[in-house]
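Asker: One structure, as structure tokens, below. Some questions next.
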Protein chains: 2
Amino acid sequence: MPVISNKGKAMPASPIRKLVPFSEEAKKRGVKVYHLNIGQPDIETPKNVMDKIRSTDIKVIEYSHSAGTISYRKKLVEYYKRVNIDVTPEDMIVTTGGSEAILFAMNSCLDPGDEIIIPEPFYANYNGFSLTSGIVVKPIDSVIENGFALPPIQAFEDAITPRTKAIMICNPNNPTGYLYSKEELESLRKIVLKHDLFLFSDEVYREFTYDGREHHSVMNLEGVDQNVVLLDSISKRYSACGARIGVLISKNREVICTALKFAQARLSPPTFGQIVGEEAINTPASYFTEVLEEYHKRRNIVVESINKMEGCFCPEPGGAFYAVARLPIDDSDRFCQWLLDSFSFEGQTVMLAPATGFYSSKGRGLDEVRISYVLNLTDLKNSMKCLEEGLKVYPGRKT
Amino acid sequence: MPVISNKGKAMPASPIRKLVPFSEEAKKRGVKVYHLNIGQPDIETPKNVMDKIRSTDIKVIEYSHSAGTISYRKKLVEYYKRVNIDVTPEDMIVTTGGSEAILFAMNSCLDPGDEIIIPEPFYANYNGFSLTSGIVVKPIDSVIENGFALPPIQAFEDAITPRTKAIMICNPNNPTGYLYSKEELESLRKIVLKHDLFLFSDEVYREFTYDGREHHSVMNLEGVDQNVVLLDSISKRYSACGARIGVLISKNREVICTALKFAQARLSPPTFGQIVGEEAINTPASYFTEVLEEYHKRRNIVVESINKMEGCFCPEPGGAFYAVARLPIDDSDRFCQWLLDSFSFEGQTVMLAPATGFYSSKGRGLDEVRISYVLNLTDLKNSMKCLEEGLKVYPGRKT
């Protein structure tokens, strides 16, 4: 029997999906499971988008341009103008989800063996894409005590080697919900200029900011337009995760020309996804007002509930729809599994994501979980009650 | 300014798309261009498929399972049974186009530096995906004289090294249209068993066979179910290239589990594409009868026309909708560009794909072009006339 690749063996399994069998077990024993483990919003896709799909009059589902249809890219220019980012259709490669934008950026800018610095905890799949591209993640610590703010500049300086080619951030952050300040972005600007690095910024949660906070994009940093690569996606913005549409944006012509070659190899992004993306930009502003209000309330419930629990701490996230909380537990993987296979409160339990999956350093995240507040207020309150009661009786509780 | 990757620099630009600017020039000077250069069929997507899309009642465009929706995979079992291939939903990973199936197969089965043997000419993007995965293509010669049949077994034996991990074929073949016989597949079976290799088979043109010829799948070869990985796509079968839906199939559990990890990293294949794929399997058989009849006629026109032209040779392809022809020219890249930027016959010209892009060995394919017979009979006849007249006056004509 032929042997599979070491790359495949080393490829991390999804830290979230590995709990799925236990969640199915919970359901089998009649326990209702609240899913706070995934980034799948319960919010409806805007109605105008679904109407557009229903009224399609396409005769042949053709390949589009490898960089995306020109009509969608032109529409994206309009969207970005609205959020104060100035781009042209030529600065963009429409991708199959934000996932592909990450992969194209890594393949275009870094060679196997090159290093990318990422503050951890970070979106788990950055690990997978790095491994696929053969590049090396150099994590630096962001910590729960200050809400996972940008690590001090010295930490970046210490991590930089001759193989360092890029720094990557996610803003607002998945999994922490942290929203980077203008000052933090300024310090990133200085360091990428000083060391001639690429700066990848994943801004898929741009619209999800709370307490009147403003989102600042790396696209508006001065003098680094040749360094910056913006990674984006419509998945969360319009609750259209299954459309699989993202975009890679850069003012660096060489980056775009190179990414286009990777894009040509896979022919084109999905047709219907591009129709979804183009129409989504017509979504009335009221949609976001409502959605944001809802998420704001949810965030408050999560943060307030957890901070009231004995021995727990949850910093208040400025954006996205995630929070990372510190719990008095021995091992977050064990705890999250225990909630599913051994616990219930009034016939209910909660599924959380162990934070270990969001760290690339071994041993970090053992007492942290990520909570996606993607459920309605009632379910969310019930979930918090389950968590509270679970923590009281969990055998691996630390005091 | 930061420097892009050597991988990106080495990534081949699409051999077909690089002619696009010249085709646009031709249109600007008022010349009508017949596009025989691409694999985009003009055939309409089945009506039942488009109706299904128009009647969608989805509220939230959610992520699907990373391996594809279970309902689509179950439906695929039904499709494969119809073409005499016995599989289960657990043998499948639904992919974003056949492209992603190729990439997953390469990443799962081969490590950077490992070698894959592919008879050339081959589908140009195999080169791109190999480069992305860091694996090395070892081409072996198939030749126009015998219609691009499988190279002799000795050629495989000669190419095998300790780094060889896989053999890849495309059946029926893109770009040659060659349909492998049962005997040829049997010899592949022996060689993969002898050397413990993976056998990747791209069978996206399975339905397109002519003159009553039968398609044989590697899935039905005895004793190699742990070696075989089937790569498939709905793009050509149902004229749904933009849906971006393919599938990777293997009875080798380790291959599927590994490919699933790559699939989880990119979350899920596109939702609407899966709806298209599932409904497409309900397409009445009459659709294929008509389509096949049409392609059959087209193939005959192309082959007969070219073989009548002075100094030209086009073997009769047994399948797909491509043919590779040998022309009395100095350089196929130059000739194809010349057709667009310097030639016209009665205000018309033809766009062909230089065969150089389908070879990984330098210097091969210089006197060959690929013709995709994706236009209606009238346009196809006009295209052949353009080619004939072009060859008469081309300055780089060889006698």
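The values are calculated or read from the model by the stated rules, or taken from the named source; none is laboratory data. None of the values given here were measured: they were computed from a predicted structure. All Cβ positions, glycine included, derive from the backbone under ideal geometry; neighbour counts span all protein chains shown. Side chains included, ligands, DNA and RNA excluded: accessible areas come from the protein's heavy atoms. Shrake-Rupley method; radii C 1.70, N 1.55, O 1.52, S 1.80 Å.
Asker: Can you tell me how many residues in the range A:301-360 are in a loop (DSSP other than H, G, I, E, B) and not aromatic (F, W, Y)?
Answerer: Within the range A:301-360, the first condition is being in a loop (DSSP other than H, G, I, E, B), and the residues that meet it are A:309-312, A:314-318, A:320-321, A:327-328, A:330-331, A:342-344, A:346-347, A:352, A:359-360.
Remaining after also requiring not aromatic (F, W, Y): A:309-312, A:314-318, A:320, A:327-328, A:330-331, A:342, A:344, A:346-347, A:352, A:360.
Residues meeting the conditions: 20.
Asker: Could you identify the single residue in B:I38, B:I43 that is over 15 Å from A:I256 (Cα atoms) and touching a strand residue (DSSP E or B) at 6+ places or on another chain (Cβ under 8 Å)?
Answerer: Answer to the selection: B:I38.
Asker: Right, another one. Are any of the residues in the range A:330-351 assigned by TED's automatic domain parsing to the domain that holds A:K18, within 30 Å of A:S71 (Cα to Cα) and in contact (Cβ under 8 Å) with a residue 60 or more places away in the chain?
Answerer: Of all residues in the range A:330-351, those assigned by TED's automatic domain parsing to the domain that holds A:K18 come to A:330-351.
Imposing the further condition that a residue be within 30 Å of A:S71 (Cα to Cα) reduces the set to none.
No, the range A:330-351 has no match at all.
Asker: Same structure, new question: Report, by residue number, each residue of the range A:311-324 that is open to solvent by 10 Å² or more (accessible area, probe 1.4 Å) and more than 21 Å from A:L366 (Cβ to Cβ).
Answerer: Within the range A:311-324, A:E316 is the sole residue that qualifies.
Asker: Is the range A:140-154 home to any residue that is part of a strand (DSSP E or B), within 21 Å of the chain's Cα centre (by Cα) and either assigned by TED's automatic domain parsing to the domain that holds A:R370 or at pLDDT 95 or above (or both)?
Answerer: yes
Asker: Tell me yes or no: at least one residue of the range B:64-84 is β-branched (V, I, T) and crowded, with 24+ Cβ neighbours inside 10 Å.
Answerer: Taking every residue of the range B:64-84 in turn, none turns out to be β-branched (V, I, T) and crowded, with 24+ Cβ neighbours inside 10 Å.
Asker: Okay, moving on. Confirm whether B:S133 is hydroxyl-bearing (S, T, Y), within 14 Å of another protein chain (Cβ to nearest Cβ) and buried (at least 22 other Cβ atoms within 10 Å of the Cβ).
Answerer: Yes: the conditions hold for B:S133.
Asker: Can I ask one more? Residues to consider are B:S383, B:S360, B:S372; find the one that is hydroxyl-bearing (S, T, Y), open to solvent by less than 10 Å² (accessible area, probe 1.4 Å), within 28 Å of B:P139 (Cα to Cα) and in the same structural domain as B:F313 (by TED's automatic domain parsing). Steps first, please.
Answerer: Numbers: B:S383 fails: within 28 Å of B:P139 (Cα to Cα); B:S360 fails: open to solvent by less than 10 Å² (accessible area, probe 1.4 Å).
Selected residue: B:S372, the only one of B:S383, B:S360, B:S372 that is hydroxyl-bearing (S, T, Y), open to solvent by less than 10 Å² (accessible area, probe 1.4 Å), within 28 Å of B:P139 (Cα to Cα) and in the same structural domain as B:F313 (by TED's automatic domain parsing).
Asker: Do we have any residue at all in the range B:196-203 that's within 14 Å of chain A (Cβ to nearest Cβ) and within 30 Å of A:I38 (Cα to Cα)?
Answerer: So far as the range B:196-203 goes, no, none of its residues is within 14 Å of chain A (Cβ to nearest Cβ) and within 30 Å of A:I38 (Cα to Cα).
Asker: Just checking, which of B:V302, B:V291 is crowded, with 24+ Cβ neighbours inside 10 Å, β-branched (V, I, T) and not assigned by TED's automatic domain parsing to the domain that holds B:I117?
Answerer: The match here is B:V302.
Asker: I'd like to know if the range A:158-171 contains one or more residues that are assigned to a helix (DSSP H, G or I), more than 14 Å from every other protein chain (Cβ to nearest Cβ) and open to solvent by 10 Å² or more (accessible area, probe 1.4 Å). Spell out the reasoning first.
Answerer: At the first step, the residues of the range A:158-171 found to be assigned to a helix (DSSP H, G or I) are A:158-159.
Pick out the ones that are also more than 14 Å from every other protein chain (Cβ to nearest Cβ) and you get A:158-159.
Next, only the ones that are open to solvent by 10 Å² or more (accessible area, probe 1.4 Å) stay: A:158-159.
Taking every residue of the range A:158-171 in turn, at least one turns out to be assigned to a helix (DSSP H, G or I), more than 14 Å from every other protein chain (Cβ to nearest Cβ) and open to solvent by 10 Å² or more (accessible area, probe 1.4 Å).
Asker: All but one of (1) among the basic types (K, R); (2) within 14 Å of chain A (Cβ to nearest Cβ); (3) open to solvent by 40 Å² or more (accessible area, probe 1.4 Å) hold for B:K308, so report the exception by its number.
Answerer: Among (1) among the basic types (K, R); (2) within 14 Å of chain A (Cβ to nearest Cβ); (3) open to solvent by 40 Å² or more (accessible area, probe 1.4 Å), B:K308 violates only (2).
Asker: Among the residues of the range B:20-53, which ones are open to solvent by 10 Å² or more (accessible area, probe 1.4 Å) and part of a helix (DSSP H, G or I)?
Answerer: Within the range B:20-53, B:V20, B:P21, B:F22, B:E24, B:E25, B:K27, B:K28, B:K47, B:N48, B:D51, B:K52 meet the criteria.
Asker: From the list A:G134, A:G113, A:G128, A:G177, exactly one residue is at positive phi, within 18 Å of the chain's Cα centre (by Cα) and of a type in the set (G, A, S). Which is it?
Answerer: Step by step, each of A:G134, A:G113, A:G128, A:G177 is checked, and only A:G177 is at positive phi, within 18 Å of the chain's Cα centre (by Cα) and of a type in the set (G, A, S).
Asker: Restricting attention to the range B:32-80, which residues are hydrophobic (A, V, I, L, M, F, W, C) and more than 10 Å from chain A (Cβ to nearest Cβ)? Give the steps one after another, and end with the answer.
Answerer: First pass over the range B:32-80, keeping only residues hydrophobic (A, V, I, L, M, F, W, C): B:33, B:36, B:38, B:43, B:49-50, B:53, B:58, B:60-61, B:67, B:70, B:76-77.
Matches in the range B:32-80: B:V33, B:L36, B:A67, B:I70, B:L76, B:V77.
Asker: Hey, another quick one. State which residue pairs qualify: first residue within 15 Å of A:V369 (Cα to Cα) and inside the range A:379-397, second residue part of a loop (DSSP other than H, G, I, E, B) in any location, beta carbons under 6 Å apart, and separation of 6 or more residues or different chains.
Answerer: A:S383/A:L36; A:E388/A:M309; A:G390/A:F343; A:G396/A:D330; A:R397/A:P328
Asker: Could I ask something else about it? For the range A:234-257, which positions are buried (at least 24 other Cβ atoms within 10 Å of the Cβ) and within 7 Å of another protein chain (Cβ to nearest Cβ)?
Answerer: A:S239, A:A240, A:C241, A:G242, A:A243, A:R244, A:V255, listed by residue number.
Asker: Mind listing whichever residues of the range A:64-79 are touching a residue at least 40 places away in the same chain (Cβ under 8 Å) and either outside the structural domain of A:T258 (by TED's automatic domain parsing) or assigned to a helix (DSSP H, G or I) (or both)?
Answerer: A:S71, A:Y72, A:K75, A:L76, A:E78, A:Y79, listed by residue number.
Asker: Look through the range B:260-277, keep the residues that are among the small types (G, A, S) and more than 21 Å from the chain's Cα centre (by Cα), and return whichever of them is farthest from the other protein chains (Cβ to nearest Cβ).
Answerer: Per the stated criteria, the residue is B:A263.
Asker: Continuing with this model, one more query. Select from the range A:304-357 the residues that are of a type outside the set (A, V, I, L, M, F, W, C) and touching a Pro at 6+ places or on another chain (Cβ under 6 Å) and write down the one among them that is farthest from A:V136 (Cα to Cα).
Answerer: Step by step, filter the range A:304-357, then rank; the result is A:G311.
Asker: May I ask you to list the residues in the range B:340-373 that are under 15 Å from the mean Cα position of the chain (by Cα) and among the acidic types (D, E)?
Answerer: None - no residue of the range B:340-373 is under 15 Å from the mean Cα position of the chain (by Cα) and among the acidic types (D, E), so the list stays empty.
Asker: Can you tell me which of B:L267, B:L221, B:L260, B:L231 is assigned by TED's automatic domain parsing to the domain that holds B:M92, open to solvent by less than 10 Å² (accessible area, probe 1.4 Å) and out of contact with any His (no Cβ under 7 Å at 6 or more places or on another chain)?
Answerer: Only one candidate passes the filter, namely B:L231.
Asker: Name the single residue, out of those in the range A:104-128 being at the interface with chain B (Cβ under 8 Å from one of its Cβ atoms) and closer than 19 Å to A:L197 by Cα, that is most open to solvent (accessible area, probe 1.4 Å). Don't jump to the end; show me each part of the working.
Answerer: Initial filter on the range A:104-128 (at the interface with chain B (Cβ under 8 Å from one of its Cβ atoms)): A:107-112, A:114, A:125, A:128.
Keeping just the survivors that are closer than 19 Å to A:L197 by Cα gives A:107-112, A:114.
Working: A:N107: 5, A:S108: 1, A:C109: 0, A:L110: 0, A:D111: 25, A:P112: 73, A:D114: 12 Å².
By that ranking, first place goes to A:P112.
Asker: Being more than 8 Å from chain A (Cβ to nearest Cβ), in contact (Cβ under 8 Å) with a residue 60 or more places away in the chain and within 27 Å of the chain's Cα centre (by Cα) is the filter here; which residues of the range B:3-25 pass it?
Answerer: Passing the criteria: B:A10, B:P15, B:I16, B:L19, B:F22, B:S23.
Asker: Kindly state which helices (runs of 4 or more DSSP H) lie completely within the range A:181-284 and contain at least 3 residues that are without any contact (Cβ under 8 Å) to a residue 40 or more places away in the chain.
Answerer: Working: elements: A:182-195, A:253-265, A:271-280.
The qualifying helices (runs of 4 or more DSSP H) are A:182-195, A:253-265.
Asker: Tell me which residues, restricted to the range A:325-335, are touching a helix residue (DSSP H, G or I) at 6+ places or on another chain (Cβ under 6 Å) and open to solvent by less than 40 Å² (accessible area, probe 1.4 Å).
Answerer: A:A325, A:I329, A:S332
Asker: Could I ask something else about it? Condition first: within 12 Å of B:F22 (Cα to Cα) and open to solvent by less than 50 Å² (accessible area, probe 1.4 Å). Now tell me which residues in the range B:336-348 satisfy that.
Answerer: The answer is B:C336, B:W338, B:L339, B:L340, B:F343.
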